[in-house]
Amino acid sequence: MLREPQARDRAAFIELLASPEVHTYLGGPRPRDELEREMPEVPERWPGSFVVDLDGAMIGQILLRRATEHHRPAAVGKVDLGYLFLPRAWGYGYAAEACAAALDWFEGVLPGEPVVLATQTANVGSMRLAAKLGFAEVERFRAWDADQWLGLRSPVPPSG
């Protein structure tokens, strides 16, 4: 289930952001003590930010946000799909199901808007998920001392 962040999710957010496994391809984890100090009691809410809930507990987060000048030129102005899942939730198809649901939500809110996704080419699971979700390669580039991949998911044409 996708839902807004709640106060009960704070510990899971800290675990997610401090996890070395989760951040293997994301530049490394943040220090737990820093997260404990900085994380608000209720994690921030904004449209396009979802908690992935399984049986009443947070197992991940999905973000849909506008790509900015910090992103690749091909991505600027498009919506970027990001996701993080706790290691105990890996390998069960939850990321594919939750990302597909978030993309369906987005298509209902802003029909016809393209979505981009960037990942390290070494992140085999993320590359597989991008293909499963319908992202096609736009470019490969080097950033943060690693080979990166940028994919584009074209809008679903209206059925009619």
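What follows is calculated from the coordinates using simple rules that are stated; it is not laboratory data. Quick caveat: nothing in here was measured; it's all calculated off a predicted structure. Note that we place each Cβ from the backbone using ideal geometry, even for glycine, and neighbour counts take in every protein chain shown.
Relative to its residue count, the stretch 11-61 spans a Cα convex hull of 96 Å³ per residue. Legend: Rg and Dmax of the chain, from Cα coordinates, 15.6, 54 Å.
3J(HN,Hα) couplings calculated from phi for the stretch 116-133 with the Karplus curve 6.51 cos²θ - 1.76 cosθ + 1.60 (θ = phi - 60°) are, in sequence order, 10, 9, 10, 7, 6, 4, 6, 7, 4, x, 5, 5, 4, 4, 4, 5, 4, 7 Hz; Gly and Pro show x. Label positions at Asp55 and Ala11, each projected 7 Å from the Cα along the C-beta direction, are separated by 1.6 nm. Pairs of Cα atoms nearer than 8 Å and 6+ residues apart set the relative contact order; for the chain it is 18 percent.
Across the chain, the longest run free of exposed loop sites, meaning chymotrypsin sites (Phe, Trp or Tyr not before Pro) lying outside DSSP classes H, G, I, E and B with no more than 15 other Cβ atoms within 10 Å, spans 1-89.
Take Asp147, project a point 7 Å from its Cα along the Cβ direction, then tell me which residues of the stretch 87-124 have their backbone nitrogen under 11 Å from it. Flagged as within label range: 121-123. In the stretch 1-96, if the dipole is taken from +1 on Lys/Arg beta carbons and -1 on Asp/Glu beta carbons about the Cα centre, which of Leu63, Leu26, Val76 is farthest to the positive end? Positive-end residue among those listed: Val76. Between Glu97 and Glu137, the simple label model (points 7 Å from Cα in the Cβ direction) yields a spacing of 3.1 nm.
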